[in-house]
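Following: one structure in structure tokens, then a few remarks.
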């Protein structure tokens, strides 16, 4: 592992950027979006974890190299890159940023104001695929993570949370899986007693186009599905050991992830036989039928249709026709 650093003081926020085989111009834009914030150099720490790219981006970063802490490791995947960043981070707060994304200055300043003046354990904000910056924001400061999860559909991306490093404890990303954020974020929220929920659209992400259908791509799709099911199973085990309030909050998230999993089984495989086998497995684990709650309109109709053979046949026809979200 190579290390380059000019940071010496303890910062307010550590920004952890996982980088792998991307155009350096995107990484530059990402770093520049952080440097554009009102944080003084002593208040920020920018950690770039290069997860074994073919060529190091350092020489192409030019004048930005003095502003970052750069680490290079063998290719281990996003989870391990972020875990490396967490080991190195010294900031009071942590912010994950993907190397091809960026922070939007005005709305993210609103999030920084929250940690400066209210000191919540977590600030939540929204991801957007538009660079248009809206300058009007709302914020609430009186919820625990469990209370928030009781009443809201949380977004899975770890990049949508600015959080105190001290609440992590031993929580880390599971190595070698897809959808690692979906396992990490609900556990992070449940560790927080003070969550600030903002309406700020503070994080810009770039939509990724699907690659062509290949045998390798099909294997990746099946691995994604298997990893998603593994996350659901592990969260279900964790929920059983929790106090009642936390358990109820996590069970809502588990139910939504289970719905998403079955939705993607239909979308990715188009196989009724595969769907029925996965439902049988979930049933044996007590994860199906889906709990009878009105979490969202989508959840309600999916739960009802998935409970019958005719409904599943209808889902097999409908799901591939629906617009897909990130």
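Give 102, 168, 86, 162 a once-over and let me know the one that is more than 28 Å from residue 296 (Cα to Cα) and buried (at least 22 other Cβ atoms within 10 Å of the Cβ).
Unique residue meeting the criteria: 102.
Would you check if there is a residue in region 53-66 being in the same structural domain as residue 24 (by the TED database), out of contact with any strand residue (DSSP E or B) (no Cβ under 9 Å at 6 or more places or on another chain) and outside any helix (DSSP H, G or I)?
Checked region 53-66: at least one residue is in the same structural domain as residue 24 (by the TED database), out of contact with any strand residue (DSSP E or B) (no Cβ under 9 Å at 6 or more places or on another chain) and outside any helix (DSSP H, G or I).
Residue 74: out of contact with any helix residue (DSSP H, G or I) (no Cβ under 8 Å at 6 or more places or on another chain), modelled with pLDDT of 95 or more and over 20 Å from residue 157 (Cα atoms), yes or no?
Against the criterion (out of contact with any helix residue (DSSP H, G or I) (no Cβ under 8 Å at 6 or more places or on another chain), modelled with pLDDT of 95 or more and over 20 Å from residue 157 (Cα atoms)), residue 74 qualifies.
Name the single residue that is surrounded by the most Cβ atoms within 10 Å (Cβ to Cβ) among those in region 139-157 being closer than 29 Å to residue 207 by Cα and modelled with pLDDT of 95 or more.
145
Would you check which residues across region 89-107 are over 17 Å from the mean Cα position of the chain (by Cα) and either farther than 30 Å from residue 139 by Cβ or in contact (Cβ under 8 Å) with a residue 60 or more places away in the chain (or both) and list them?
89, 90, 91, 92, 104, 105, 107 - these are the residues of region 89-107 that are over 17 Å from the mean Cα position of the chain (by Cα) and either farther than 30 Å from residue 139 by Cβ or in contact (Cβ under 8 Å) with a residue 60 or more places away in the chain (or both).
Could you tell me whether residue 43 is assigned by the TED database to the domain that holds residue 156 and under 22 Å from the mean Cα position of the chain (by Cα)?
Considered against the rule, which asks whether it is assigned by the TED database to the domain that holds residue 156 and under 22 Å from the mean Cα position of the chain (by Cα), residue 43 comes out as no.
Residues 240, 227: which one is at pLDDT 95 or above, loosely packed, with under 14 Cβ neighbours inside 10 Å and in contact with a helix residue (DSSP H, G or I) (Cβ under 9 Å, 6 or more places away or on another chain)?
240
Of the residues that make up region 81-90, is at least one more than 9 Å from residue 16 (Cβ to Cβ) and outside any helix (DSSP H, G or I)?
Checking region 81-90: at least one residue is more than 9 Å from residue 16 (Cβ to Cβ) and outside any helix (DSSP H, G or I).
Name the single residue, out of those in region 71-80 being touching a residue at least 60 places away in the same chain (Cβ under 8 Å) and outside any helix (DSSP H, G or I), that is surrounded by the most Cβ atoms within 10 Å (Cβ to Cβ).
Ranking the qualifying residues of region 71-80, first place goes to 71.
The values are calculated or read from the model by the stated rules, or taken from the named source; none is laboratory data. Predicted model, so just to flag it, every value in this text is computed and none were measured. FYI the Cβ positions are ideal-geometry reconstructions off the backbone, even for glycines, and counts take in every protein chain you see.
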